[in-house]
1. Pop out the carbon and sulfur fraction of the accessible area of the stretch C:9-233 as a percent, whole number, probe 1.4 Å.
2. Once you charge only the Cβ atoms, +1 for Lys and Arg and -1 for Asp and Glu, what is the size of the charge dipole of the stretch C:184-261 about its Cα centre, to the nearest 20 debye?
3. Along the Cα→Cβ direction, 7 angstrom out, place labels at D:Leu61 and C:Thr264. What is the inter-label distance in nm?
4. Rounded to the nearest percent, how much of the accessible area of chain A (1.4 Å probe, protein heavy atoms only) is carbon and sulfur?
5. Report, in whole Å, the centroid distance computed from the Cα atoms of the stretch A:116-145 and the stretch D:157-233.
6. Taking H as built 1.01 Å from N, whose amide H comes closer than 5 Å to the amide H of C:His35, not counting residues under 5 places away?
7. Once R0 is set to 25 Å, what does the formula 1/(1 + (r/R0)^6) return for the Cβ-Cβ distance between A:Gln266 and C:Trp275, expressed as a FRET efficiency to the nearest 0.05?
8. Under unit Cβ charges (Lys, Arg +1; Asp, Glu -1), what dipole magnitude, rounded to 20 debye, does the stretch C:9-233 have relative to its Cα centre?
Amino acid sequence: MAITFEHVGYTYQADTPLATPALDDVSLTVPDHGYLAVIGHTGSGKSTLIQQLNALLKPTTGQLTVDEFTITPTTTNADLKPLRQHVGMVFQFPESQLFEETIQKDIAFGPQNFGMAETDALALADQMLTQVGLDASYAQRSPFELSGGQMRRVAIAGVLAMHPQVLVLDEPTAGLDPQGRQEMMALFDRLHRERGLTIVLVTHQMEDVAQYAEQVAVMRQGKLVKEGTPQEIFGDPDWLRANQLDVPRAAQFAQDLTAHGVTWPQGLPLTASALADQLAAQWPKG
Amino acid sequence: MAKHNLKQEILAAVLAALTIALSLMIVIPVPATHGMVTLCEVGIYTSAILFGNPVGVFVGGASGFMIDVLSGYPEWCLFSLVIHGLQGLVVAALAHRASGVVRGMVLPMLAGSLVMVVGYYLATSLLFGWPAGLASIPGNLIQVGFGLVVTVALVASLTRFNPKLSKGMIR
Amino acid sequence: MTQRMENIIEVHDLAYQYPDADQRAALDGVSFDVHPGEWLAIVGHNGSGKSTLAKALDGLLPFTQGTVTVGGVVLSPETVWQVRAQIGMIFQNPDNQFVGATVEDDVAFGLENRQVPRDQMLTRVAAALDRVGMTKFANRAPSSLSGGQKQRVALAGIVAMAPKILILDEATSMLDPQGRQAMLALVKELHREQQLTVISITHDIDEAASANRILVIDDGHLIEENVPAAIFAQGERLMDLGLDVPFTAKLAAALQQRGITPPTGYQTTQEMEEWLWQSLSNTSATPTKPTHP
Amino acid sequence: HRLDPRNKLMLSFCYIILVFLANNWLSYVILIAFTLGAIRASTIRLGFFLRGIRPLIWLILFTVDLQLLFSPAGGHVYWHWAFINITQFGVINAGYIFIRFLLIIMMSTLLTLSTQPLDIATGLASLMKPLRWVKVPVDTLAMMLSIALRFVPTLMDEAQKIMNAQRARGVDFGEGGLFKQAKSLLPLMVPLFMSAFNRAEDLSIAMEARGYQDSDHRSQYRILTWQRRDTVTWVLFAVGLALILICRRW
């Protein structure tokens, strides 16, 4: 198992009058090379949950393991460096973390913090630049000259350069145009499939969840309220609507067709191509 | 013309907010004096050096005043308004005229630091007697020294990140 | 002024060049009209110049060539405040347009600028907050609000001013789905109730679908102008234009790949559904009309 | 609590002057009574005030010690070593300074706890109005101060986010000596300043779009009202001042 949460609870400002519980008894496992999507409203505890994964926040109760690392309430900061290299974090609007004078230096910043020699890190930076779809001519430019979408790619390259085995993504496509969104999601999918990265994705985009995730966790008020495959979660649009969550368009569309007597022998389709598959299968011949 | 002013006014306001936010958030303990240093000077000096004067004096005065109010020492707020305001004013005025690291940054900051240390010596003496004034000096020296070092590094980084800043485009 | 009342905004041959000489023109030879009470969407991928266009309409950028006429007033440095008085604008980042220290202060900001007397301000602020459902939050500081709530406060600020034109510059792009839907629903109501002219710059397919007409900007040029159905009929090419492909178009393409030929042109969800279940039932019996709200 | 913030600011300032004028036991007793009365009126628990003193305890002790050791000669000499004398004057002065600390800290804690920062800022701006006559753009300063305050939580939030992102990239904040800490601050400060520049640009455009021309031609939504209870405080203050002046003479 890549990631295991065991009864993890987290309280902000514990032991003060302002204490507010943000995570409550969360237990969850993600298999090796898994792709987990975490969905839920703003303030449901999604961000708190993913910050446990590299111990930016440590659980106040329970414990979690990420591959060979175990994080408990008493884990000390001295033990964290290998973990932080192992778990790469792409925060919302990650372009705001760029600060070096050249793109190459910025990408090399993380690896150097984890002990890589400068020359190696700079060479690695050039390599990462092409990974995220920018060519090597960008290396010596200032990040300031780039467009927002390009800056985000550089920031992601900076995280990938640390060679994480787990990649945590907090709404990585927010604010991008549809084309940028699609390219970005395809990049993560490639990293997942080709390099075997375990991916944890926090998102509001149900279409992306339906298309890419292998496992979905639904958070509400700090609790894990439902967990399963996309088919299990999205196969029940009424439950999603009752929880004020969006239903993928294809599922919505398929459910409307059900009212006209159309049946879905392979379960409610979640994407346009799955829907087309099932429709084609029952299409009248001739 | 009015447009130009508005941009500068808002820039000064947001930089003051940044200085206040940093000072309240990041407090680095100095075991040697049982005191601590904040990033207040870094905010004031950086704003003053990059954007010159109305910005420098405002960021100094406003952040000095509000930091005291927000952190629960309002008895100092009027003194801080004047002292940090003067500090920002001096750094901005001197940095504005010269260029280069030492003459454009370090010397103006030394002058501003002198204003701050002497200012608080006088204010503390007035409030609590000259021994208290003397007692304020070592902590304040560390504070301005730290501010000076971080500012040099920060201004260098910022102007490399965005070369337009070194031309003082907003000034 | 009276003979030109059919257009509330007229843009003729507009061009803009960023001060940095090395860059290409951000806008080049853009001309179009906007009718009173119309909802116009402007789409284009990031960096296409559509936000520049919005700012130019409000006199926030000194365009280098062309004319902009708003409500019969030709935009110039002398008339810029007259023009701005007719336009309310909401920008992308909710945090960077919230001026007031509290919600009510922020709603009052525009009124203060117009020197509205205080007793009138009190009633107009209260009414505007009520209109957007933010009355409970009147005394709150912006840092305690969600992005969606901040944008609703921005909308309240505009409701209080009652301008003729509302420009949304990617105003929903940083919001979560709930915030986006609430905001869009509110704008639709205002558009209907107050005959507000709406110009929305967007990537969001739902927002674009609410429009009467869509302009497509690419590389600073106006490359297309049509009703949403005609624009949406372009299927996969919409991605290049900075729009999502509508679901029905994705489904049509997927069906096509599987040897099923859907009707040509853009289909609404309802049309697509109807065609599908009728084709599937494939009986000669007259199908009953589907009942959709 | 419900006093006009302008009044509170002025009162606090005059109070500090009052503390200066006090020069004997009786006047200090009057001041203590006055302060405790104000605290009672505020209905804030005394514990809060004591908590405000704790961080300053080193400074207070140091000052009191110095005062004790280096006071001008006079009165009875209790203890003598080299050039250090502990005299009667010294002890009395040290006692006065100690009380001065307590009084000023208590009063300022009272001001902080009972007044919103926004009100203090508004109050300050309002008190500066007379400066208009010497061409100080008071209304502009008030606007700027209010915007600065409004952005403090936003930027704190952003600083926290950037710190998290850089921690995830292997930065250790708050570790090592001063020099190392100074260096580790750059990955936080550079993005924060760049973002502040962007925000300022966006905000000034948004303000123009909302019809802001300059600070002179505006009406005011937020106003401060001077009430009867504000006047009452000044009467009380005057009584206190008179008592202390009498004590000084006496």
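The values are calculated or read from the model by the stated rules, or taken from the named source; none is laboratory data. Remember, predicted model here, so these are calculated numbers, not experimental data. Because the Cβ atoms are built from the backbone with ideal geometry, glycine has one as well, and the counts that use them run over all protein chains shown. Protein only, heavy atoms only, side chains kept; ligands, DNA and RNA dropped before computing areas. Shrake-Rupley method; radii C 1.70, N 1.55, O 1.52, S 1.80 Å.
1. C and S atoms contribute 50 percent here.
2. The dipole magnitude comes to about 340 debye.
3. It is 9.1 nm.
4. 48
5. 32
6. C:Ile8
7. Once the sixth-power term is evaluated, E becomes 0.70.
8. Result for the stretch C:9-233 is approximately 780 debye, rounded to the nearest 20.
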